[in-house]
Every structure is written in structure tokens, then in C-alpha cells.
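The values are calculated or read from the model by the stated rules, or taken from the named source; none is laboratory data. Fair warning: this is a prediction, and the values are worked out from it, not measured in the lab. Ideal geometry is used to build each Cβ from the backbone, glycine not excepted, and the neighbour counts take in all protein chains shown. With ligands, DNA and RNA removed, areas are computed over all heavy atoms of the protein, side chains included. Shrake-Rupley method; radii C 1.70, N 1.55, O 1.52, S 1.80 Å.
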2 protein chains.
Amino acid sequence: MGAISSWQWNCPVEVSPASPRITLPHGEGARLTRRLITETILPRFGTPPFVLSDAAHSVAGGNRLALTSDCHTVSPLFFPGGDLGSLSVYGTVNDLAVSGAVPRWLTCGLIIEEGLPLSVLERILDSAAEAARRCRVTIVAGDTKVVPRGAADGLYLITAGVGELTDPVPTGPPSIRPGDCLIVSGPVGRHGIAVLCARNDLGFDPAPASDSGPVLDQVSSLRLSAGTQLRAIRDATRGGISAVLHEWAIDSGLTFALQDTDIPVTDDVRGACELLGLDPLYVASEGTIVAAVAPECSARALRELQKLEACAAAAIIGTAEPRGISPVTIRRAFGSEQPLDEPSGAPLIRIC
Amino acid sequence: MGAISSWQWNCPVEVSPASPRITLPHGEGARLTRRLITETILPRFGTPPFVLSDAAHSVAGGNRLALTSDCHTVSPLFFPGGDLGSLSVYGTVNDLAVSGAVPRWLTCGLIIEEGLPLSVLERILDSAAEAARRCRVTIVAGDTKVVPRGAADGLYLITAGVGELTDPVPTGPPSIRPGDCLIVSGPVGRHGIAVLCARNDLGFDPAPASDSGPVLDQVSSLRLSAGTQLRAIRDATRGGISAVLHEWAIDSGLTFALQDTDIPVTDDVRGACELLGLDPLYVASEGTIVAAVAPECSARALRELQKLEACAAAAIIGTAEPRGISPVTIRRAFGSEQPLDEPSGAPLIRIC
């Protein structure tokens, strides 16, 4: 659209060169995203049931429903292990699943850049449809907008989902108690690294693959084995498990103490992270969950989880403790407990 | 993002210069949009309950729900009579209302271009929140993505909505019978003309204002006064009332015969249309509906509708007839019945 953005026409707000502006880290899913949501969005849209992430719970007549929405702007559209289409379906299905719902219906909005080859669109839609079949959800409605060249980048998919809550719904981060165990369902950071490598053509061979996929079986396993002892559960997307644990620390008032050597990381993710100067704890997964489980059933929950093919590397990676030196800490291989900072500022953008 | 689009990285589909590509008219809401949906999207996402427009109906336990989704990419973000924020809420609320549902919950996704002034975002969100309050819906969940400069144009809002169906749900276009009357709730084409004039700074004084607003009261009035005699109802958005009637003609097998002199058009819209070479029948409204009502209650339905402040100009503009020379016809002031072509190709883009 050239130099003039659409907001500059008829803009009723005075904008000076010094006006605060949205920056890329505002979309990273970490501290600046939370500030944007809590300071700019939440005060306008009201507090509960508005949720920062995952799904809001509502009651329709006798039915308890969960609702969620995700905008998917991943670049590139195709990456090892997935693509925009399947990622959009799994992202929304997973948000519903970790909120305690059985995903039922999705809507799918398309914002298409003029000039996108029809074959690319078809391939992405094929992939979304296949993902929906795999998750047994129905895509029931959609919307299609085409914007001129330069007003989008290829294709954005926006999914919203509705699920039906089933008991016992995990009670959530405020119910986490000191001593509770943190379980991760597989190696962390695979999605973010796969997309970064694909985007920048870093030449890894084989290229790292995303873990993009449904977490329905993982969630079912944990809910079945831990029941009401399953306190909270989340898919570790933007900001990685660090972002999830920092949010939980705010909601619970506790410290989450991680043991570095217990956290599963694949060799290729570790290698790429070293090369790129990243910490896998801050890098997104798209098919891997973190759960807080009462200590008395954590061993059994882990054992059951590991029976799933995708979760062979599941592990207990830390515990909840009374609030200590920092909301999240990590004990590295050789060393003492250190604060793990909240992610902020590293522009891992457009990975989902 | 410069010359390389994200689909060009790792694209698994062969794309030649001659490959069919998405063009702007694919997003116009008319013939090419319908072809894209029926040939490319529907075969992948399955047939019913997937819907071309408005809302899909689903059953959750004992509850009958309506679901819908809209992507809003209007340019400019602010225009006389509305802005992106209120337009997004009303658009989704209206889709639910015309499908026979009481709108309850919305989700709201934001795709923000890096560099957008925070004050512009705040103004848009204020407007969305105010619109939600006016419609008594709750925005329950959201998602925020930031994309680099040039990968969006300012701000896109994507809303999805859930409503609860209430009886009697209008039976829809297939139930329209020869003799049924077509009622329009107000002057047509105001939204599209307002946005076009704002975008191109055409210098009309006063600038034409959009009709962007909720149609809840209009729909309630018609449902109450016509009951089961209300066959079908639609908000005449992209493609205008011509697009709505062409869709209804396909679904009903009938011809819709319009009387040009009965169609309410404001002077400023008529003037702008003459200047721009447009026909107001093809231009979007965003707070005006078309309804098909059985002849025996059409006079009463119209009278009740006209009692609403926004609907003083409501009118009966035509009738359904057995299929004749064309799916939609119009009798101009001095002349015989002529076919009204289906809108296709006039790039009235980014008006919603």
C-alpha cells in the first residue's frame, strides 16, 4: 500500500512522531504481549470471562462451553512438520483441550493477499481439513477477505473454536500448591526452531521438524490418570514453557523451580539454539503441554503419558515451591538455582 | 516484506507464472467469492453445516447455537459513521441476528502492523467495546499478533460469534414462495459509499455516512410481526442487495423482481454513485437488512418496522416470482423489466 497506512486517513486521534507505537515484541506472547492485553485490551473488553490465552468458559442454557480464537500469521506458510493450515486447526483445538473442553466446532477466516497462487491456498486448506478430520472437529463457518498486494503476506488464517466442557475441569493455576510437580509432555522448542530454520534457510540437514499436532490424547491421558489432582495444563506456545510458568507464577503466587537436566530437548533444537543464541525454554512448541499435578499422582500420570507415542520423552521437570527469589528459577547442570527471566524482546515473530 | 512472500519459502506446490492466482474480486462477496467458496473451500471443509455467509447452526447438548466468523480489513480504519472497531462487532452480531439467534459471546483477534500508534489501537478497541455493550454481547476471548511493517495495513480485526437460536428460526431462502414480498429496512449502499468517499477523499460536504450499526431491533420487529411468515432475512453487506438476491435466487429457484422507484436511496449515495459509476444495488450496507415475507403480513411487518427510528425509510421493493428471464430483475422508472446482473469484478474492496 506504499507509504500511507489506512489509519492515516481520517484518523480522529492525534499522532505525533513520539507517540507510542506497537512493536514486534508486542506480539511475541511474553511480557509486552501481556502488558498490551492487560493494559490496553482487558480494561475495555471487561475482565472475566475474558481470558489472556486458551479458552473462555461460558454457559449456554444447560451447556458449559469453551470459546477461543487464534490468529495465525506464520511465515513461511510451509515448514518441516506442518503448515499454516494444520497449525491453525491444531492451535485452536489445543487451546480448547487444555481448557478442559472437547473441541466441537471451528470457524475459519481467511485474509488472502492478492496474487497468492490458488494452488498454495488449496494445499493449505487441504491440510486444515485433514487436521480437522484428525481432531474430529467440524469447520462450520468461514469468511474470505482479499487485500491488495503488500497489505498481507500471502495468507493469514484465523480460527475460532467452540468446545463442550467435561468434568472434572482442571481448576487452573490458582489451585497449584507447593510440592506439585511440573510435567512436560515432550521435547520443548521444536516448533519455533523449525519455523526459524525454514524461514532463514539455515541449511540444517535434516531440517528440524515442528511438533505441530493435536494434544488431545496427551490431555485425555493426564485428565484420566490425575483426575482432580490435575491442577493446570497448557500448551507451551509463544514464549515457550518460560512464558507459561511466568503466567502461572503470577496466578498462583508461587515459584516454579526447574531442573535444567530434566527438561527434554532434542539434539537438533539444542544445536540450533546454540547457533542462534536462543534458550529452548523460550521457544514455542505447538504440540507439547506443561501440566501441574499433585505429587502423589505425578509418577503414575507421567508413566501413563509416556505410553503415548508422541510422549515417550515426557518428564517431570520441576516443582512448585513457596515464592522464592524469582517467579521461575532453574538449576543448571552444574550450579545453583538461578532466576529464569520472563521472555521479553527477542523477536521470535510470526512463528504461529 | 519486500518482494519475497512467505509462501515462496519451502512451498511444496509447483507455481508457474501462469498458475491461477487470487485476485481482488475474489474478495468482493459476489460471483468470484462464491466460486472460491463453493469450488475451493466447501469441498474441503464439507457441506452442511458449513455456510457461505451469516451463521452456521449447531446443537450442543440441548442447546441450539449459531456460530459465525468475520475478517474485517476495512480501509481506512475510520470513516463517517463508524470505524473498524464498531464495524467488527456489528458485523458479527448482525450475522447472528439474521440467522435467528440472540448474539451472546464474541471472540476478537487482532492482527496489528508494526508501527501502529497505540492511540489508534485504543480508539478502535474503545469503539468495539462500546458496540459490544450496545448489543449486550460479551467479548470473551482474543488473540494478538503483530506482523512486520508491510505485512498488514494498520490493523485487521477478526471476530467470531456464538448466539443462541430462538424460535421460530426463519426457514431460509428455500422456503420463499412466489408472491412473497421483499422488504428493505432502510436506504441501501450507505456503508460502501461512505468508505469509498473517505478512502479517496472525494470532498463531498457533508461526507456520506455509513449505516454501520446493529440490526437487532429490525430483526426482532420482523420476527415478532411476521412470525413463521418471515421466510428469510439477511444483512445486505458485500455485493449489496443484488448479491443477497442472487444468492436467494439460487437457493429458491425463483426470480426476484425489483421496482427501482421503490428502493430507498439517499441523495448523497445517489450522487456519489452517479459520479463513481456505481449502482447502489451493488454497494454494501452494514446496518440494513433485506427480508422475504409472506404477502398476507407484509404490510403489517413494514408498518411495524417503520416505527423504528433507523427504519423510517423501510419499503417493499419487489416480489418473488416464478423463475423468469433472469434470477433478479429490475423495472426502472420508465421502462420494462430488465435483468439485474450478478455483481462480479467491480473492485469495491476493503469496505468491511
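Inspection of the range B:312-320 finds no residue satisfying the criterion of being open to solvent by 60 Å² or more (accessible area, probe 1.4 Å), under 24 Å from B:Thr171 (Cβ atoms) and in the same structural domain as B:Ile193 (by TED's automatic domain parsing). Condition check for A:Thr144 on (1) among the hydroxyl-bearing types (Ser, Thr, Tyr); (2) crowded, with 20+ Cβ neighbours inside 10 Å; (3) over 30 Å from B:Gly27 (Cα atoms): one failure, at (3).
Going by the structure shown, is A:Leu275 modelled with pLDDT under 95 and assigned by TED's automatic domain parsing to the domain that holds A:Pro178? So A:Leu275 fits the description; yes.
Scanning the range A:109-141 for residues that are open to solvent by 10 Å² or more (accessible area, probe 1.4 Å), free of Cβ contacts under 8 Å to residues at least 24 places away in the same chain and at the interface with chain B (Cβ under 7 Å from one of its Cβ atoms) yields a count of 3.
Quick one: B:Pro174 ticks every box in (1) within 7 Å of chain A (Cβ to nearest Cβ); (2) surrounded by fewer than 20 Cβ atoms within 10 Å (Cβ to Cβ); (3) of a type outside the set (Val, Ile, Thr) except a single one, so which number is it? Going through (1) within 7 Å of chain A (Cβ to nearest Cβ); (2) surrounded by fewer than 20 Cβ atoms within 10 Å (Cβ to Cβ); (3) of a type outside the set (Val, Ile, Thr) one by one, B:Pro174 breaks only (1). Would you confirm whether any residue within the range A:39-53 is surrounded by fewer than 22 Cβ atoms within 10 Å (Cβ to Cβ), modelled with pLDDT of 85 or more, outside the structural domain of A:Ala236 (by TED's automatic domain parsing) and in a strand (DSSP E or B)? Looking through the range A:39-53, none of the residues is surrounded by fewer than 22 Cβ atoms within 10 Å (Cβ to Cβ), modelled with pLDDT of 85 or more, outside the structural domain of A:Ala236 (by TED's automatic domain parsing) and in a strand (DSSP E or B). Kindly indicate whether any position in the range A:224-236 is under 19 Å from the mean Cα position of the chain (by Cα) and either closer than 30 Å to B:Trp9 by Cα or among the acidic types (Asp, Glu) (or both). Looking through the range A:224-236, at least one residue is under 19 Å from the mean Cα position of the chain (by Cα) and either closer than 30 Å to B:Trp9 by Cα or among the acidic types (Asp, Glu) (or both).
Kindly indicate the residue of the range A:302-326 that is of a type in the set (Asp, Glu) and not in a strand (DSSP E or B) and also nearest to A:Ile233 (Cα to Cα) among those meeting that condition. Going through the qualifying residues, I end up with A:Glu304. Scanning the range B:13-38 for residues that are loosely packed, with under 12 Cβ neighbours inside 10 Å and facing chain A (nearest Cβ under 7 Å) gives a single hit, B:Pro20.
Taking the numbered list (1) in a strand (DSSP E or B); (2) in contact (Cβ under 8 Å) with a residue 24 or more places away in the chain in turn, B:Gln338 passes all entries but (2). Summed over the range A:129-155, residues that are within 30 Å of A:Ser242 (Cβ to Cβ), outside any loop (DSSP other than H, G, I, E, B) and in contact with a Gly (Cβ under 8 Å, 6 or more places away or on another chain) total 1. Within the span defined as the range A:172-185, every residue fails to be over 26 Å from A:Pro295 (Cα atoms) and assigned to a loop (DSSP other than H, G, I, E, B). Within the range A:65-87, being more than 7 Å from every other protein chain (Cβ to nearest Cβ) and not acidic (Asp, Glu) holds for A:Ala66, A:His72, A:Val74, A:Pro80, A:Gly81, A:Gly82, A:Leu84, A:Gly85, A:Ser86, A:Leu87. Of A:Gly240, A:Gly189, all but one fail to be closer than 23 Å to A:Ile330 by Cα, open to solvent by less than 10 Å² (accessible area, probe 1.4 Å), modelled with pLDDT under 95 and out of contact with any strand residue (DSSP E or B) (no Cβ under 9 Å at 6 or more places or on another chain); the exception is A:Gly240.
Which of the residues spanning the range B:102-125 are within 23 Å of the chain's Cα centre (by Cα) and not β-branched (Val, Ile, Thr)?
In the first step, residues of the range B:102-125 are kept if they are within 23 Å of the chain's Cα centre (by Cα); the result is B:102-111, B:124-125.
Within the range B:102-125, B:Pro103, B:Arg104, B:Trp105, B:Leu106, B:Cys108, B:Gly109, B:Leu110, B:Leu125 qualify.
The lone criterion from (1) outside any loop (DSSP other than H, G, I, E, B); (2) closer than 30 Å to B:Asp153 by Cβ left unmet by B:Pro343 is number (1). Contact annotation: residue pairs with Cβ atoms under 6 Å, 6 or more positions apart or on different chains, pairing a residue in the range A:88-108 that is away from chain B (no Cβ under 12 Å) and in a helix (DSSP H, G or I) with a partner that is open to solvent by 10 Å² or more (accessible area, probe 1.4 Å) and among the small types (Gly, Ala, Ser), are A:Tyr90/A:Ser212.
Annotation: of all residues in the range A:282-296 being at pLDDT 95 or above and in a helix (DSSP H, G or I), the one that is nearest to A:Gly240 (Cα to Cα) is A:Pro295. Put simply, of B:Asp235, B:Asp260 the only residue that is of a type outside the set (S, T, N, Q) and open to solvent by 40 Å² or more (accessible area, probe 1.4 Å) is B:Asp260. Sort out which residues of the range B:194-215 are open to solvent by 40 Å² or more (accessible area, probe 1.4 Å) and either part of a loop (DSSP other than H, G, I, E, B) or modelled with pLDDT of 95 or more (or both), and write them in order of number. Answer for the range B:194-215, where residues must be open to solvent by 40 Å² or more (accessible area, probe 1.4 Å) and either part of a loop (DSSP other than H, G, I, E, B) or modelled with pLDDT of 95 or more (or both): B:Asp201, B:Leu202, B:Gly203, B:Phe204, B:Asp205, B:Pro206, B:Ala207, B:Ala209.
Per-residue answers, yes or no, for (1) without any contact (Cβ under 8 Å) to a residue 40 or more places away in the chain; (2) closer than 27 Å to A:Ser86 by Cβ; (3) touching a Cys at 6+ places or on another chain (Cβ under 9 Å):
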{"site": "A:Ile316", "(1), (2), (3)": "no, no, yes"}
{"site": "A:Thr329", "(1), (2), (3)": "no, no, no"}
{"site": "A:Phe334", "(1), (2), (3)": "yes, no, no"}
{"site": "A:Leu348", "(1), (2), (3)": "no, yes, no"}
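If the condition is being closer than 14 Å to B:Cys181 by Cα and under 21 Å from the mean Cα position of the chain (by Cα), then the range B:273-304 contributes B:Ile289, B:Val290, B:Ala291, B:Ala292, B:Val293.
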